[in-house]
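Down below is the structure, laid out as structure tokens.
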Amino acid sequence: MEERVYIEYDNARFTRKEGLLLDVEMYDGRSFENVEARRLFPITGLTRYITLLDEEGVEKAVIRDLSNLMDESREIVETVLAEYYLVPKITEIKSIREKAGKLNFEVETDNGSHAFEVKHVQANIKQLYDGRVLITDSNDNRYEIPNLGSLSKNSLIKLNPYL
């Protein structure tokens, strides 16, 4: 079994390619081309343990902590992660309609208006310990309510039966 390669501090330089692809040059001479960054812990580890995967999904290296990278490399990795993990933040719930055991949401987000369907309420609407609510729609798109207290009273009334 191959030893895991860790990227820490200034031992690597990142270059952005087309789409979400990255090239990595390690200062020991190794390089990885066309890798994609993914969070090993996408909900709790936003800046730590970022895996770099090749086209076949094979891990090439792991970034232990983004905050330890050189500024330019950190910004590049943060940008591709933000694009990959785009999660609209719900600012208002216009309506929730129940139909055939599914919920149809109409919401306003920081990314515009969205309408989506949730098939399994208990599995796809999760209130987290830190006060956030994560909603996964029937197409596996994710939406976040960063803080229930920031929603209007009307929005809370519509959402409460499903929390």
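Odds and ends about this structure:
- The set of residues in segment 120-129 that are assigned to a strand (DSSP E or B) and in contact with a Phe, Trp or Tyr (Cβ under 6 Å, 6 or more places away or on another chain) contains only 125.
- Across segment 86-102, the qualifying residues are those that are aliphatic (A, V, I, L, M) and over 20 Å from residue 153 (Cα atoms), and the one among them that is farthest from the chain's Cα centre (by Cα) is 100.
- Within segment 89-108, the set of residues being open to solvent by 10 Å² or more (accessible area, probe 1.4 Å), out of contact with any helix residue (DSSP H, G or I) (no Cβ under 6 Å at 6 or more places or on another chain) and either in contact (Cβ under 8 Å) with a residue 12 or more places away in the chain or part of a loop (DSSP other than H, G, I, E, B) (or both) comprises 89, 91, 94, 95, 100, 101, 102, 104, 106, 108.
- Residues located in segment 21-45, provided they are out of contact with any Asp or Glu (no Cβ under 9 Å at 6 or more places or on another chain), assigned to a loop (DSSP other than H, G, I, E, B) and farther than 17 Å from residue 66 by Cβ: 28, 29, 30
- The condition (being open to solvent by less than 80 Å² (accessible area, probe 1.4 Å), out of contact with any helix residue (DSSP H, G or I) (no Cβ under 6 Å at 6 or more places or on another chain) and not in a strand (DSSP E or B)) is satisfied by just one residue among 55, 78, 117: 78.
- Considering 5, 62, 77, the condition of being farther than 30 Å from residue 162 by Cα, in contact with a Ser or Thr (Cβ under 6 Å, 6 or more places away or on another chain) and in contact (Cβ under 8 Å) with a residue 40 or more places away in the chain is satisfied by 62 alone.
- Being crowded, with 16+ Cβ neighbours inside 10 Å and touching a residue at least 60 places away in the same chain (Cβ under 8 Å) is true of residue 69.
- Residues of segment 135-149 satisfying the condition of being open to solvent by 30 Å² or more (accessible area, probe 1.4 Å) and in a strand (DSSP E or B): 136, 142
- Verdict on residue 18 being open to solvent by 70 Å² or more (accessible area, probe 1.4 Å), without any contact (Cβ under 8 Å) to a residue 40 or more places away in the chain, out of contact with any Pro (no Cβ under 8 Å at 6 or more places or on another chain) and not in a loop (DSSP other than H, G, I, E, B): no
The values are calculated or read from the model by the stated rules, or taken from the named source; none is laboratory data. Note that this is a predicted model, so its numbers are computed, not measured. Note that each Cβ is placed from the backbone with ideal geometry, even for glycine, and that neighbours are counted across all protein chains shown. Surface accessibility is based on the protein's heavy atoms, side chains included, excluding ligands, DNA and RNA. Shrake-Rupley method; radii C 1.70, N 1.55, O 1.52, S 1.80 Å.
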